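Since every read-out is calculated from the coordinates, none of them should be taken as a lab result. Model, not experiment: these values are computed from the prediction. All Cβ positions, even for glycine, are placed from backbone atoms using ideal geometry, and neighbour counts span all protein chains on display.
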Amino acid sequence: MKLVTVRHLPMFAAWALALLTLAGCSDSADSSRHQGPSIDNGLTVLRKANGTEPQTLDPHRAEDVSSANILRDLYEGLVLTGAEGPRPGVAERWEISADGLRYVFHLRPTARWSNGDAVVAEDFVAGMRRTVDPATGSNYGMILAPIAEAEAILAGQAKPETLGIHALDAHTLEIRLKAPTPYFLSLLTHSTTYPIHRPSLAEFGERFTRPGNLVSNGAYQLSEAVVQSHITLSRNPHYWDNAHTRIDKVRYSAIEDASSEFKRYRAGEVDWGSVPTADFAWAKANLGEELHIHPYLGVYFYGLNLTRTPFKDAPALRRALTLAVDREILTEKITRGGEIPAYGWVPPGLPGYEQATPDHALWTREARFAEAKRLYAEAGYSAEHPLKVEIRYNTQEDNRKIAVAVAQMWKQVLGVETTLFNEEWKVFLQNRKQKQVTQVFRSGWIGDYADPYTFLELLHSRHGINDSGYANPAYDALLARISALPGGPERDALMHDAEVTMLADDPVMPLFFYVSKTLIKPWVKGYRPNIMNQHYTKDLWIEPAGGG
């Protein structure tokens, strides 16, 4: 862990210095130690930069994007994410009852685990029961709340065997819901719904995720895992569609530093990566069609720990800090990649949903700052008695830049004295969950399915990833009403009301909505954008550099 204390500078000098410091630069000449596809003993290799070290390869416990990217290649759910919506995965077809409460999935008889065992309906039953079983310790269990009895099981009031999922025969699976759930098929792309190879789990316990132990049913299997370095996957020869899998290996490199990742991409050491803020303008000007920019269902925000001082029972202070952040400056001068300033919680672009927009989003900068100062004083703070607060973020250059900018804004507008802490990813996640040392913490949320509820449910008082500790009975009651409704205007209106209710409490501080900025070498083919930014290596292929 490292910390930085933000000291006082005159307003315009401070912001100018911060922007100059954060802007960065890049050489115009490109490195080229190896510019071409990677071939290993005649086998094609896709080399992907994957950000932070994956939290876990346990599909029912994983929470982070880095883990999800790898799990998407290792496992296959009933359905897959497609450019136009869910598409068949292990389930080759399905039926939905007229009332929307019963789903019947017909599994492919040819589906196999990586050791050759048949994938059967009971493997999905075991996987979803494991997710909601309190003994598993999954912080994501609430995502399966639409399934009958899931909430009772999570609360310890029923046994996992009562979950509304049953194998009708070896290749037919029935799922019963407590209420119609418009996004349910999309939810089934999430790793918490993946099947589990029951013999491996029984034999190895928590060690089932290690190379040599992990048996997967996706297009790839785990062949190597080196902590803080890389994870290598190789083709699953028993995968039902292996004949159409064209990339032989995938190497996921853990590269926390965005600048290092970009340098390795330019040097030809990775084929797939992202662009750091400092290099976005250069990449856009010089890398042409290698840079893919698309809408992304995600929000970057700061969480406020409502379970301890200074934010517990302090709504005026929470609102003051929110108003003192200039989101336009953040997106135009710091992130500079097409991000959208966020005053609401749910990202734009979801059909039928009207975003909640607080009144202050339409105010002038001067009006927001004036109200921030009034509320700051109302909360009991002043130049003689300034707020002293900590921002924690996981180690990554863009996170540091944003934290420095926000701290400067708070200092100049309100006089807040901020200390910045950067922490290794797993330590950072643990501290957030424990809520013992966190005050303000960096976070981001990428939708698990294409529906506003994936954002709203995160702040339910019982959600395992509600790291702010937000608990509002009125908000929970709205979510309960929403979860009992089919899709339509009434549900959309209630979701809007829930977003308004939550934003009025300021448990989180939305900063901007993401766009995906992906770098892909020209020899990697088959990329198709989607709002979830989810991609399967089995859909890609590699051609020689310059090939069509």
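Mind sorting VAL508, VAL65 by how few other Cβ atoms lie within 10 Å of their own Cβ, fewest first?
Values: VAL508 26, VAL65 17.
By the 10 Å Cβ count, ascending: VAL65, VAL508.
From a point 7 Å beyond the Cα of GLU354 in the direction of its Cβ, which residues of the range 458-501 have a backbone N at a distance under 17 Å?
488-501
With point charges of +1 on the Cβ of Lys and Arg and -1 on the Cβ of Asp and Glu, referenced to the Cα centre of the chain, which listed residue (ASN399, GLY344, ASN236) lies farthest in the positive direction of the dipole?
ASN399
Which entries of LYS48/LYS525; LYS333/LYS525; LYS48/LYS284; LYS263/LYS284; LYS312/LYS433; LYS263/LYS521 have Cα-Cα distances beyond 25 Å here?
Violating the 25 Å Cα-Cα cut-off are LYS333/LYS525.
Across bins of 5 angstrom width beginning at 0, how are the C-alpha pair distances of the range 166-226 distributed, in whole percent?
Final binned percentages: 3, 13, 17, 22, 17, 13, 9, 4, 1.
Rank these for me by crowding, MET142, MET128, going from fewest to most other beta carbons within 10 Å. Could the numbers behind the result be given before it?
Working: MET142 21, MET128 26.
Least to most surrounded, the residues fall as MET142, MET128.
With both bridge residues required to lie in the range 295-516, what share of the DSSP beta bridges run antiparallel, to the nearest 5%? If you can, show how the numbers build up before the last one.
Working: 15 of 24 bridges.
Restricted to the range 295-516, the bridges split so that about 60 percent are antiparallel.
Once every DSSP H run of n ≥ 4 in the chain is given -39500 (n - 2.57) and the sum is divided by its residues, what mean residue ellipticity at 222 nm do you get, rounded to the nearest 500 deg cm²/dmol? The partial results should precede the final answer.
Working: 15 runs with 150 residues, N = 548.
After summing the helix terms and dividing by the residues of the chain, the value is -8000 deg cm²/dmol.
Find the percent of Cα-Cα distances in the chain that exceed 42 Å, and round it to a whole number. Kindly include the intermediate steps, with their values, before the conclusion.
Numbers: 31318 of 149878 pairs.
Everything past 42 Å amounts to 21 percent.
Using R₀ = 22 Å, calculate the FRET efficiency as 1/(1 + (r/R₀)^6) where r is the Cβ-Cβ separation of GLU92 and HIS166; round to 0.05.
Computed FRET efficiency for GLU92 and HIS166: 0.70.
In whole Hz and in residue order, list the ³J(HN,Hα) couplings for the range 226-233 that follow from phi through the Karplus curve 6.51 cos²θ - 1.76 cosθ + 1.60, θ = phi - 60°; x for Gly and Pro.
Here the 3J(HN,Hα) series is 10, 4, 6, 9, 6, 10, 10, 10 Hz.
Please figure out what share of the DSSP beta bridges in the chain is antiparallel and state it in percent, rounded to the nearest 5. Each step should come with its number before you reach the end.
On the way: 60 of 75 bridges.
Of all bridge pairs located within the chain, approximately 80 percent are antiparallel.
Based on the alpha-carbon gyration tensor of the range 125-225 and its eigenvalue square roots a ≥ b ≥ c, which shape applies: rounded if a/c is under 1.5, prolate if not and a/b is larger than b/c, or oblate? Please list the in-between numbers first.
Numbers: a/c = 1.88, a/b = 1.56, b/c = 1.20.
Here the range 125-225 falls in the prolate category.
For a test of the definition: using alpha carbon positions, the gyration tensor, and the 1.5 limit on a/c, classify the range 346-406 as rounded, prolate or oblate. Spell out each step's value before the answer.
Numbers: a/c = 2.66, a/b = 1.23, b/c = 2.16.
Judged from the Cα gyration tensor, the range 346-406 comes out oblate (a/c at least 1.5, b/c at or above a/b).
Starting from the Cα-Cα distance between ARG210 and LYS312, subtract it from 0.36 nm times their residue separation and give me the gain in nm to one decimal. Please list the in-between numbers first.
Numbers: separation 102, 0.36 × 102 = 36.72 nm, distance 4.13 nm.
Taking ARG210 through LYS312 to full extension adds about 32.6 nm, to one decimal.
When the chain is fully extended, how far beyond the present Cα-Cα distance does ASP99 get from GLU424, taking 0.36 nm per residue of separation? Don't jump to the answer; show the numbers that get you there.
Numbers: separation 325, 0.36 × 325 = 117.00 nm, distance 4.72 nm.
My answer for the length gained is 112.3 nm.
Net charge within 9 Å of SER216 by Cβ-Cβ distance, Lys/Arg positive one each and Asp/Glu negative one each, not counting SER216 itself? Intermediate values should be presented prior to the final figure.
Details: positive: none; negative: ASP73, GLU76.
With Lys, Arg at +1 and Asp, Glu at -1, the neighbours total -2.
How big is the Rg/Rh ratio for the range 425-499, C-alpha atoms only, Rh by Kirkwood, two decimals?
On the way: Rg = 14.0 Å, Rh = 13.6 Å.
Value, to two decimals: 1.03.
If you plug each phi of the range 318-332 into the Karplus form 6.51 cos²θ - 1.76 cosθ + 1.60 with θ = phi - 60°, what whole-Hz ³J(HN,Hα) values come out, in order, with x for Gly and Pro?
4, 5, 4, 5, 4, 5, 7, 9, 8, 5, 5, 4, 4, 7, 7
Note down the nm distance, to one decimal, between modelled labels 7 Å out along Cα→Cβ at ALA83 and at ASN41.
Those two pseudo-labels are separated by 3.6 nm.
What is the range 394-548 by shape, rounded, prolate or oblate, if you read a ≥ b ≥ c off the alpha carbon gyration tensor as root eigenvalues and call it rounded for a/c under 1.5, prolate for a/b larger than b/c, and oblate otherwise? Mind dumping the intermediate values first?
On the way: a/c = 2.21, a/b = 1.21, b/c = 1.83.
Oblate is the answer for the range 394-548, as a/c is 1.5 or above yet b/c matches or exceeds a/b.
Working out 0.36 nm times the residue gap between ALA477 and ILE293, then minus their Cα-Cα distance, what length gain in nm do you get to one decimal? Walk me through the intermediate numbers first.
Details: separation 184, 0.36 × 184 = 66.24 nm, distance 3.79 nm.
62.5 nm is the gain from fully extending ALA477 to ILE293.
Count the net charge of all other residues whose Cβ sits under 13 Å from the Cβ of ASP99, scoring Lys and Arg as +1 and Asp and Glu as -1. Provide the component values of the computation, followed by the final result.
Details: positive: ARG102, ARG176, LYS178; negative: GLU95.
Within the 13 Å Cβ shell, the charges total +2.
Given R₀ = 22 Å, FRET efficiency for ALA285-LYS525 by Cβ-Cβ distance, to 0.05?
Numbers: r = 24 Å, r/R0 = 1.10.
Computed FRET efficiency for ALA285 and LYS525: 0.35.
Based on other C-beta atoms within 10 Å, arrange LEU43, LEU74 from fewest to most.
Values: LEU43 12, LEU74 25.
Ascending number of Cβ neighbours within 10 Å: LEU43, LEU74.
In whole Hz, what ³J(HN,Hα) sequence does the range 418-424 give by Karplus (6.51, -1.76, 1.60; θ = phi - 60°), x for Gly and Pro?
10, 10, 9, 10, 10, 9, 4
What does the charge count near ASP73 come to, summing +1 for each Lys or Arg and -1 for each Asp or Glu among other residues with Cβ under 12 Å from its Cβ?
+4
Mind putting a number on the dipole of the chain about its Cα centre? Charges go on the C-beta only, +1 for Lys and Arg and -1 for Asp and Glu, and I need it in Debye to the nearest 20.
Working: 57 positive and 65 negative charges, 190 e Å.
In total the dipole reaches around 920 debye.
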